[in-house]
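Report on the structure given below.
Please treat every number below as a calculation from the coordinates, not as lab data. Remember, it's a predicted structure, so these values are computed and weren't measured experimentally. Cβ coordinates were reconstructed from backbone atoms using ideal geometry, including for glycine residues, and neighbour counts include every protein chain displayed.
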Amino acid sequence: MKKSLQTIQKKPFLLLLAVLLSSLTAFGQGRKINGTVVDEKGLPLPGATVRAKTAKATSVTDVAGNFTITVPPTEKALIVTFIGYADQEIQINGESHLSIRLSQSSNSLNDVIVIGYGSQRWEAVTGSVASISGERIRDIPAPNISQAIQGRLPGVEVSQTSTKPGATMQILIRGQRSLTASNDPLIVLDGIPFTGSLGDINPNDVKSIDILKDASATAIYGSRGANGVVLITTNRGQVGGAAKITYNAYYGEQKLFARYPMMTGPEFLKLRKAAGLYTNAVDEADDVNTDWQKLFYRSGMVFSNDVGVSGGSQTGTYNFGGGYYKNQGLIPTQQYTRYSMRGSVDQNVGKYVKVGFTTNNNYNLTEGSQVGVGSVLGLSPLANPYNADGSLKRTVKTPLSESFVLTKGIINNLHDQWLNETRNYATYNSVYGEVKIPWVEGLKYRVNLGLDYVQSNNGNYTGVGIGSATPTTPSTAGVSNSAQYHWAVENLLTYDHTFAQKHNINVVALYSTEQTRYNSSSMSAKDIPADAFQFYNLGAATGEITIGNGNYSQSGLMSYMGRVMYSYDDRFLLSATVRSDASSRLAPGHKWHTYPAVSAGWNIMNESFMKGISVIDNLKLRAGFGQTSNQAVNAYQTLGTLGTRQYNFGDTNYATGYYVTQLPSPTLGWEYSKTWNYGIDFSLFKHRLSGTVEYYVTNTNDILLGVGLPPTAGVGSYTANVGRTQNKGLELSLNGTLINKNGFTWDLGINIYGNRNKLVALASGQTRDEGNAWFVGHNINAIYDYKKIGLWQSGDPYLSTLEPGGNVGMIKVLYTGTYDANGQPTRAIGAADRQIIDVDPKFEGGFNTRVAYKGFDFSVVGAFKKGGTLISSLYGSGGYLNLMTGRSNNVQEDYWTPDNTGAKYPKPGGILSGDNPKYGSTLGYFDASYLKIRTMTLGYDFSKLLSKHANMRLRTYFTVQNPFVFFSPYHKESGMDPEPNSYGNENAAVPLSNSLRRFLTVGSNAPSTTNYVLGLNLTF
């Protein structure tokens, strides 16, 4: 009994000892907590960061949103963050499993953005940066990035330059600066300058795009930053994430948005009779009404498949994938096909070393550029293309021509005898190594190596008689090839540290070199022995073989850069950059230039005197100044060049002579821009409304420009640094959540901007260069032409004085000459009456809205433009589709007759200038305003229905692209898309000169389409 009592007395002591030991063990080991992080819909958020509030413990959620973290026993709370969502502090309260739900936030100031050689929280950014996430890019099923961002970022003008399958778009950031050098922004792909086409990048591979707009942000890229910088970051794996497979696909049909507005048979017959100049040819008849466009167009389609796998361990990540895209255009044989492959690996080696690589590869094939719609539009609708037996004629005869009959059936049957194919292969690769310096916290060294190769091969073949009125016209074939090699090496030393919890400093030093080499060649031949040879054996041709001029260039760039960013208590922000570049393209003694930049910011909301203001969540003022430059001239412009010419020397011999084609430019240097930028960033009403307002002024000096020489010099011009331009503008972007209640959300975003561009000075004090349409005080893009003010009517005074030989119903243009004492004009209208017409719009922008409820979502993306001048070669003189004579088919229009004197267009058969109505070019100028719905998307997320499979997410959607256009004078008159589809020297019978290529026009390119797309996004 005594022994039993002793045992009972010992038990409390042993129990207390066991509790103490387990407590000590738990204190030593920490407490393990697991849980799940989801969004408002209950869907997992992979990649969310979970960290202890006071300790260093950190974890990242996996693909299912799960996490595990070990924290000290004394830790009371966890902090959970995810980009685009409001941060949450979660009390542990002794729990070992936590279910955490995050809410979306418009507080973008906590987002991390790429700024060039680093990243920053938006709150700390002092330069002008516009960003868009990969998810928002994929809201628009587009073949390339430029189409996906059009109208969605303030100050970024994305313009259509072609409607052919696979075409990319022109990107201008805050206007045009240069007259002859490139105005394209620098593209940086995963940290390495990108030398290819944006069409080479699969939009499904993009994680984010950050666009640097002002000099304080772009100066870090020095000589290539004058036109802005587009930073593209591709997808990578997640640290600690389980393997995740994604599959994105869509299929769509393309329908004609609008036919080219050509006359029907009865309309054309009426015009021909009104003109009284031509009668029907042998293949024409009054009762024929041939719809050539209907016979020509086919159905279009678009198809995309993309699959990827990503994941990672605690020490590394990976991401691999491939894509296939195909677009069959409405014009027979026109199509674009792209195959893409990508991969990235990031791996920590021990505590201090990290290595990785990224590779983006694509092969694309463009077909059908030999077929155009221009020749079809001009065909007479009175011409009958059918023989008596119902077969198609080879040609049709009209009053002054004989035209090859083009229908989709004929073209398809000629697919082996009439073709044009361009095969492009590109591989863009980067490798990096990073070392943390162990004895200095926050100091690391990184080396980036970029290796790129781009190859293009074109082949074309036209069989005997194809496209010609003569059946025996010899066959022709040609090939052209080009290759580009690019490498870049960047050495970066970075120091990032916070002192006394308030002073954060980030220092970056850079030394880099890069080189680009390019070569091309071409060859053509006539009389190919057989169609089977096509363009693959030009040496077998029995006719003339021509070897084209080859091209070779090599250029390099060497750079030094330093940047310091300082933040005090997240209130006062300062950034300073200095970069020096040397370009091999410029003259000795002028190769180097140094670019300084500085910017500052003040987070007013972090001041103590703002704490009581609940309406304002964030408020930041920014200002910056910087200098960047442009060396985008062709290599060897500083050197003199000679051309060759053969001439007779004696009766039977000839000799080769040499003549000067380019004078040397021994002082050719940098074209540089200085920019002031001022901005306000704000967030209101508990982050329900956020926005940015910016004002900027950019002055560009020492513009690279050809200086004209007198005829006695033997050379027309040489390149020098002369001239100045200015761009200034205002930008506004707003994003808000209008409704967020009971599972229903409504988000709305809008951006609007206006840029005022003008030419400040030209060479040698000139105020105008009429041949290039450059005029001091006006847009770089300014039209120099007569100004139409109406039509001459019966009884109008001075017709015979102002227009000798003119007729009632002809175009009436503005007279700017003098008048005598009786009010009589003193001369006829002439070249001195031409006007300078600015092309740029007053303002433009875009908008987007999205509503969501219980798995359903509906979104609309649009763009708009106000003012400016749209040039249409269909209505102007260059297209030869508005001759008003009845010679060939004409655009539909309201023309002058004695019974219709209030018409807009002149009398058919009136006074001509060449083949067109006198002053016919003025008929091609329209108000460029429009509001355009670019996409409408209805989607449904099935993830809740798949709740048993927490790792799976499935969304399907239906999108209509390019469905509606409003408020467009051009669309109202023609029914067509008011966006341009060509450069000025393309897609017209008589296009503008090469020097005026910069003008974007509506020409006879592939017609615009409305696309109906069904797609899905799957992750598991």
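Across 10 Å bins from 0, what is the distribution of all Cα-Cα pair distances for region 508-582, in whole percents?
15, 21, 16, 13, 12, 12, 9, 4
Over all directions, what mean area does the Cα convex hull of region 773-851 project, stated in square nanometres?
Projected area, direction-averaged: 9.4 nm².
Scaled to the compact-protein estimate 2.2 N^0.38 Å, what is the alpha-carbon radius of gyration of region 153-308, rounded to two decimal places?
Here the Cα radius of gyration is 1.66 times the empirical estimate.
So how far apart, in nm, are the two label points at residue 945 and residue 245 if each is 7 Å from Cα heading toward Cβ?
The modelled label-to-label distance comes out at 2.1 nm.
Nearest 20 debye, what's the magnitude of the dipole of region 179-306 about its Cα centre given +1 on Lys and Arg Cβ and -1 on Asp and Glu Cβ? Present the calculation step by step, with values, prior to reporting the outcome.
On the way: 12 positive and 14 negative charges, 49 e Å.
The dipole magnitude comes to about 240 debye.
With N denoting the number of residues in region 114-241, provide Rg(C-alpha) divided by 2.2 N^0.38 Å, to two decimal places. It would help to have the intermediate numbers written out before the result.
Values: Rg = 14.4 Å, N = 128, 2.2 N^0.38 = 13.9 Å.
Working it through for region 114-241, the quotient is 1.04.
What does DSSP give for the chain in terms of the percent of beta bridges that are antiparallel, rounded to the nearest 5?
95 percent
Among the trypsin sites (Lys or Arg not before Pro) within region 452-533, which fall in a DSSP loop and have no more than 10 other Cβ atoms within 10 Å of their own Cβ?
none
Helix-derived [θ] at 222 nm for the chain: sum -39500 (n - 2.57) over DSSP H runs of at least 4, divide by residue count, nearest 500?
Counting only the DSSP helices, I get -2000 deg cm²/dmol.
What is the gain in length, in nm to one decimal, between residue 347 and residue 425 on full extension, counting 0.36 nm per residue of separation less the C-alpha to C-alpha distance? Walk me through the numbers on the way to the answer.
Working: separation 78, 0.36 × 78 = 28.08 nm, distance 2.87 nm.
Once the chain is fully extended between residue 347 and residue 425, it gains 25.2 nm.
For residue 191, enumerate residues with amide H under 5 Å from its amide H, sequence gap 5+ or separate chain, H modeled in the peptide plane.
232
Relative contact order, percent, of region 531-618 when contacts are C-alpha pairs under 8 Å separated by at least 6 residues?
Taking the mean separation of contacting Cα pairs over the length of region 531-618, I get 21 percent.
Using only the alpha-carbon atoms of the chain as identical scatterers, what base-10 log of I(q)/I(0) does the Debye formula give at q = 0.07, 0.10 Å⁻¹?
Taken in order of the listed q values, log10 I(q)/I(0) reads -0.72, -1.39.
Rg to Rh for region 788-833: what is it, with Cα atoms only and Rh by Kirkwood?
0.93
So for 943, 800, fewest C-beta neighbours within 10 Å to most, what's the order?
Least to most surrounded, the residues fall as 800, 943.
Scattering from the C-alpha atoms of region 702-805 alone, worked out with Debye: what is log10 I(q)/I(0) at q = 0.15, 0.18, 0.23 1/Å?
-0.84, -0.95, -1.19
I need the phi-derived Karplus couplings for region 155-166: 6.51 cos²θ - 1.76 cosθ + 1.60, θ = phi - 60°, integer Hz, Gly and Pro marked x.
x, 10, 8, 10, 10, 6, 10, 6, 10, 6, x, x
So if each residue of separation counts as 0.36 nm, and I subtract the Cα-Cα distance between residue 363 and residue 503, what length gain in nm does that give?
45.5 nm
Work out the charge dipole of the chain with +1 on the Cβ of Lys and Arg and -1 on the Cβ of Asp and Glu about the Cα centre, then indicate which of 493, 325, 455 is farthest towards its positive end.
Going by the charge dipole, the pick is 493.
Using only alpha carbon pairs under 8 Å that are at least six residues apart, calculate the relative contact order of the chain and give it in whole percent. Let's see the in-between values first.
Numbers: 2814 pairs, mean separation 110.7, N = 1020.
For the chain, the relative contact order is 11 percent.
Based on other C-beta atoms within 10 Å, arrange 398, 494 from fewest to most.
494, 398
At q = 0.11, 0.16, 0.18 Å⁻¹, work out log10 I(q)/I(0) for region 355-477 with the Debye formula, treating every Cα as an identical point scatterer and leaving solvent out; two decimals please.
-0.59, -0.89, -1.01
Tabulate in residue order the Karplus-calculated ³J(HN,Hα) for region 180-197, using 6.51 cos²θ - 1.76 cosθ + 1.60 with θ = phi - 60°, rounded to whole Hz; enter x for Gly and Pro.
In residue order, the calculated couplings are 10, 7, 5, 9, 6, x, 6, 9, 10, 9, 6, x, 10, x, 9, 9, x, 9 Hz.
Under a straight-distance cross-link criterion of Cα-Cα below 19 Å, which lysines are reachable from residue 207, leaving out those fewer than 8 residues away in the same chain?
244
Which of the lysines could be linked to residue 444 by a straight reach, that is with a Cα gap under 18 Å, when you skip same-chain ones fewer than 8 residues away?
Cross-link targets: 351, 354, 436.
Taking each pair of distinct Cα atoms in region 251-297 once, what is the resulting Kirkwood hydrodynamic radius in Å?
Across region 251-297, the inverse of the average 1/r is 12.9 Å.
Report the FRET efficiency, 1/(1 + (r/R0)^6), for residue 798 and residue 967, where r is their Cβ-Cβ distance and R0 is 41 Å, rounded to 0.05.
Numbers: r = 37 Å, r/R0 = 0.91.
Computed FRET efficiency for residue 798 and residue 967 comes out at 0.65.
So, with +1 on the Cβ of K and R and -1 on the Cβ of D and E, and no other charges, what is the size of the charge dipole of the chain about its Cα centre, to the nearest 20 debye?
Once rounded to the nearest 20, the dipole reads 3460 debye.
Which net charge results when you count Lys and Arg as +1 and Asp and Glu as -1 among the other residues whose beta-carbon is under 11 Å from that of residue 992?
The answer is +1.
Compute the angle between helix 265-275 and the longest alpha-carbon principal axis of the chain, please, reported from 0 to 90 degrees and rounded to the nearest 10.
So the inclination is approximately 50 degrees.
Arrange the following residues from fewest to most other Cβ atoms within 10 Å of their Cβ: 497, 97.
Details: 497 13, 97 8.
Fewest-to-most ranking of 497, 97: 97, 497.
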